[in-house]
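The block underneath contains the structure these notes are about, expressed in C-alpha cells.
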Amino acid sequence: MENILNYLQYGEIPNVSNVKESSIQRLLWLSDFLALEDFQSQFIKTRIIPILNSTNSLVFLNESFKKLKTSDQSSDAWYVLFNFSIDLTAKNLAWYYQNRRIEFLQINNKVMEEVIERSLKHNKNYFIDQKEIIEILQHIWKENDVFKLLETQRKILQEKTLSGKMNE
C-alpha cells in the first residue's frame, strides 16, 4: 500500500528488483482494484518486464492472461507483458514441465498451445527431447494414445495450411 501511496503523492514507481513475485503480484492486484491504469502501465514497462526471467515468467503469464481475459480494455503494457511472458515460458518449457509441472499444466489450453508453438519455433535449430511437448499435448487434448494425438495434430496442420492457401 505504501508503494501505491508514494505513486499517488509523488508519481514514483517502486523499484522491485529485490522483491518477491508474490509482492509484485499483490501490487498489480491493488493497482488494478484501484483502477490505476497509468501506474500499471508504467510499472509493467519499467519494472516488471526488465526483471522477467526463466523462473518468474509463468507467474506473469498467468497474471497478464487473467487481466486480458477479464478486461475489455487493457493497456498495451498488459499485452507486452503477456507476449514477453509467453516467449520466456516457451524458451524454458522443458524446465517448467520438469520443475513446476502442476503450476505449468494449469495454464489455459489455448495459451499452452501458443507456448508450445513458440517453443518449437525457438528450438527448431536445436536437438531437444520432444517428450515433454507430447506429454503436454496429451494433457491438453486429454488423449492417452500418442498416435491419435499425432493424427489430430496432423489434421489441424492440414486445415491451417489449406485455409492459409485459400486466403492468399
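The values are calculated or read from the model by the stated rules, or taken from the named source; none is laboratory data. Since we're looking at a predicted model, the values are computed, not measured. When we count neighbours, we look across all protein chains shown, and the Cβ atoms used for this are built from the backbone with ideal geometry, even at glycine.
Condition first: more than 23 Å from N62 (Cβ to Cβ) and either hydrophobic (A, V, I, L, M, F, W, C) or in a helix (DSSP H, G or I) (or both). Now tell me which residues in region 2-23 satisfy that.
Scanning region 2-23 gives E2, L5, N6, Y7, L8, Q9, Y10.
Give region 33-42 a look and list any residue that's part of a helix (DSSP H, G or I) and under 11 Å from I4 (Cα atoms), or say none.
Across region 33-42, the qualifying residues are F39, Q40.
Suppose the filter is more than 27 Å from V19 (Cβ to Cβ), touching a residue at least 12 places away in the same chain (Cβ under 8 Å) and either assigned to a loop (DSSP other than H, G, I, E, B) or among the aliphatic types (A, V, I, L, M) (or both); does L58 pass it?
no
Here is a check on your reading of the model: is K45 of a type in the set (K, R) and at pLDDT 90 or above?
yes
Restricting to region 81-105, give me the number of residues that are without any contact (Cβ under 8 Å) to a residue 40 or more places away in the chain and more than 10 Å from the chain's Cα centre (by Cα).
Qualifying residue count, region 81-105: 10.
Given the structure, is N62 loosely packed, with under 15 Cβ neighbours inside 10 Å and either modelled with pLDDT under 90 or under 29 Å from S119 (Cα atoms) (or both)?
Taking the combined requirement at face value, the residue does not satisfy it.
For region 106-126, state whether one or more residues are at pLDDT below 80, touching a Lys or Arg at 6+ places or on another chain (Cβ under 9 Å) and not in a helix (DSSP H, G or I).
Among the residues of region 106-126, at least one is at pLDDT below 80, touching a Lys or Arg at 6+ places or on another chain (Cβ under 9 Å) and not in a helix (DSSP H, G or I), which makes the answer yes.
Starting from region 14-43, keep only residues that are closer than 14 Å to S74 by Cα, then list their pairs with residues that are of a type in the set (F, W, Y) and surrounded by 17 or more Cβ atoms within 10 Å (Cβ to Cβ) whose Cβ atoms are within a distance under 6 Å, requiring at least 6 positions of separation or different chains.
Qualifying pairs under 6 Å: S31/F39; F39/Y7.
Please go through region 73-97 and pick out each residue that is assigned to a helix (DSSP H, G or I) and over 18 Å from R118 (Cα atoms).
The answer is D76, A77, W78.
Suppose we filter region 34-56 for residues that are surrounded by fewer than 22 Cβ atoms within 10 Å (Cβ to Cβ) and in contact with a Ser or Thr (Cβ under 7 Å, 6 or more places away or on another chain); how many remain?
Total meeting the criteria: 4.
Looking at region 69-91 only, could you name the residues that are surrounded by fewer than 17 Cβ atoms within 10 Å (Cβ to Cβ) and either among the aromatic types (F, W, Y) or within 17 Å of L27 (Cα to Cα) (or both)?
Y79
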